[in-house]
Amino acid sequence: MDFTSVARKYGEETTKIALTRLISRIRGIIRLRVASAVDGVLVMTPDELHADALHVSRTLDDFPFTTDEKCALIDKAWEIVGP
């Protein structure tokens, strides 16, 4: 499943709302993690990383997307957030 297919299936408005929520959640997590860095070094446990991933994916729980569709949206959100 790709982002374009998700947008076609659910419509532009639903997809935009979901993507906006994802981007906001990802940026919030990044801000919190960067703020916790000491001397430019960020240390995270695997459990913390797992929890962050769950927070991102749960952002889409209110939407009717399948798992594959959620993955496509999350991939697109990371494209937007990334450098």
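The values are calculated or read from the model by the stated rules, or taken from the named source; none is laboratory data. Since the model is a prediction, treat every value here as computed from it, not as a measurement. We place every Cβ from the backbone using ideal geometry, glycine too, and count neighbours over all the protein chains shown.
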Please go through segment 43-69 and pick out each residue that is within 19 Å of Arg8 (Cβ to Cβ) and either among the hydrophobic types (A, V, I, L, M, F, W, C) or within 9 Å of the chain's Cα centre (by Cα) (or both).
Leu60, Phe63, Phe65
Val34 at pLDDT below 95 and either under 14 Å from the mean Cα position of the chain (by Cα) or part of a helix (DSSP H, G or I) (or both)
yes
Complete set of residues in segment 1-38 that are of a type in the set (Phe, Trp, Tyr) and under 13 Å from Ile74 (Cβ atoms):
Phe3
Leading residue by the ranking (surrounded by the most Cβ atoms within 10 Å (Cβ to Cβ)) among those in segment 37-70 that are of a type in the set (D, E, K, R) and part of a loop (DSSP other than H, G, I, E, B)
Asp62
